[in-house]
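This report concerns only the one structure given below.
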Amino acid sequence: METVMVAWMFDSLLGLGLLWLAWQSLACSDLFKAIVLFIAFGLLMALAWVRLEAPDVALAEAAIGAGLTGALLMVALAQLQSIETNGDAAVATVKKGHCIRPLQWLLLIALSLMATGLGYVIISFPAHVPGLSTAVATHLEASGVSNPVTAVLLNFRGYDTLLELVVLLLALLGVWSLGGTVPQQTTTPAPLVLEALTRLLVPMLILTAAYLLWVGAHAPGGAFQAGSVLAAAGVLLLLIGRHPRAALMALPLRLILVLGPATFVAMAVVTMLIEGALLKFPPEHAGKLILLLETTAMLSIGATLAALFLGGRRHTDKEHS
Amino acid sequence: MQTFYLALALFLLLTLGAGMWRVLRGPTAADRMLAAQLFGTTAVAVLLLLAQASGNAALRDVALVFALLAAVTAVAFVQRAWPKQKQEQEQPQETERDVD
């Protein structure tokens, strides 16, 4: 009884904290403070997923929400500030942001309508739905993996994951199409401590990525989590000024970026020709095929996220290096 | 024993509230960043306690990922955000914010 009580207190504190943090990070006018609040929000969100018994999502939230996004936002803010101090008039006016009152009301009404609609839908649900978990459990044997989440993501509904990979690639193309970025001045070598830390951390991150990929077959883990940990290694190297050579940035990078989606598409075509259905794996080879798909997906996800961190296409690399 | 672990996790969650005060007050960006790092460490501890309480070993993997990636955020701050803050301290808008 006491356990239930403490668990209830923990959960309600977590829920209230999440709401408060979300509100604060949106309403706060100091952008740096908002980023710190957002990082804290990511941490609590991961704890909430753990409490909801969804460790797979918690792992993804830990890797992307709390880890990479914080670094990404912080670097974006630093670039924004350097643009502002250089006296870019266009950015300054955007930042002042003339609020249009009617638009705000329109937004408020639209959002309230949506919230009401969502609330109605949730209330009108039947109280107990069996869901698809029993169907997944009965076919788990044939999927080639023993973790139900991986079985759904890579086997039963593999096309969802294929489309997710394409979305990531499209996001990068979107960033690249915005044009080049101002290269960060990294002429000063990284301090010794940072250098030593990087030497320790990068192998650890790569090892952890490999572990998460492998463990995904029977426990929470998988390509997206492993890919974002791999990307963190890349981000760390970029941060201390270890930019890849310009030659690597051209064709090899692009090949790694499309490796995951291309393998997926190739697999989809082959399974369609042999098995007669999109991404339908023969049960005896499913385990190996899923591992192959996840490995290539991990490499592509890692490269894509690190390239997103780098920002726009580097026209300036030629004169830079 | 399960109650004990959960109670400890609850206590750690409460200490986050104390850290939140530092995030809101500042006064400098480094104060806020260090509070966020402390949150990361606390979250790792909470995850380990929850792993022990629920017997779900996968939560330790989540804690591992947290611990590894918190360092990356800290490096991003030191390398990109902090030098900028120092340079801009001469400018009126920055000093205004630092004096709280």
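The values are calculated or read from the model by the stated rules, or taken from the named source; none is laboratory data. From a predicted model like this one, the values you see are computed outputs, not experimental measurements. As a convention, Cβ positions derive from the backbone with ideal geometry for all residues, glycine included, and neighbour counts pool all protein chains shown. With ligands, DNA and RNA removed, areas are computed over all heavy atoms of the protein, side chains included. Shrake-Rupley method; radii C 1.70, N 1.55, O 1.52, S 1.80 Å.
Interface B/A, total buried accessible area with a 1.4 Å probe, nearest 100 Å²?
4700
Using a 10 angstrom cutoff on alpha carbons, build the Gaussian network for chain A and name the most mobile of A:ALA250, A:ALA71, A:ALA223.
Highest fluctuation of the listed residues: A:ALA250.
Give me the net charge of A:GLY144's neighbourhood, meaning all other residues with Cβ under 14 Å from the Cβ of A:GLY144; Lys, Arg count +1, Asp, Glu -1.
-2
Suppose R0 equals 45 Å. What FRET efficiency, 1/(1 + (r/R0)^6) with r the Cβ-Cβ distance, do A:LEU19 and A:VAL265 give to the nearest 0.05?
0.60
Probe radius 1.4 Å, ligands and nucleic acids left out: which of A:GLU2, A:GLU294, A:GLU275 has the largest accessible area, and how do the rest follow?
Highest to lowest solvent-accessible surface, that is A:GLU2, A:GLU275, A:GLU294.
Report the rotationally averaged projected area of the protein assembly as shown based on its alpha-carbon convex hull, in square nanometres.
Directional mean of the projected Cα hull area for the protein assembly as shown stands at 24.4 nm².
In Å², and per residue, what accessible area does the protein assembly as shown have when probed at 1.4 Å with the other protein chains present?
Here the residues of the protein assembly as shown average 54 Å² of exposed surface.
Order A:LYS280, A:LYS33, A:LYS288 by their accessible area, 1.4 angstrom probe, all chains in place, largest first.
The ordering from most to least exposed comes out as A:LYS288, A:LYS280, A:LYS33.
For A:LEU255 and A:LEU108, what does the FRET efficiency come to when R0 = 41 Å and r is the distance between their Cβ atoms, rounded to the nearest 0.05?
That gives a FRET efficiency of 0.30.
Add +1 for every Lys or Arg and -1 for every Asp or Glu among the other residues with Cβ under 15 Å from the Cβ of A:ALA54, and state the total.
Summing Lys/Arg as +1 and Asp/Glu as -1 gives -4.
Compute the Cα gyration tensor for the range A:147-321, then decide on rounded, prolate or oblate, letting a ≥ b ≥ c be the square roots of its eigenvalues: rounded whenever a/c is under 1.5, prolate when a/b is larger than b/c in the other cases, and oblate in all that remain.
Because a/c hits 1.5 or more and a/b fails to exceed b/c, the range A:147-321 counts as oblate.
Under the classification rounded if a/c is under 1.5, otherwise prolate if a/b is larger than b/c and oblate if not, where does the range A:1-93 fall, given a ≥ b ≥ c as square roots of the Cα gyration tensor eigenvalues?
prolate
Please list B:VAL46, A:VAL121, A:VAL175 in order of solvent-accessible area, largest first, computed with a 1.4 Å probe with all protein chains present.
A:VAL121, A:VAL175, B:VAL46
Please sort through the DSSP H helices of chain A and keep those with an alpha-carbon extent of at least 20 Å along the long axis and a Kyte-Doolittle average not below 0.0.
Those that clear 20 Å and a mean of 0.0 are A:2-27, A:31-51, A:69-85, A:101-124, A:158-177, A:192-215, A:223-239, A:251-274, A:286-310.
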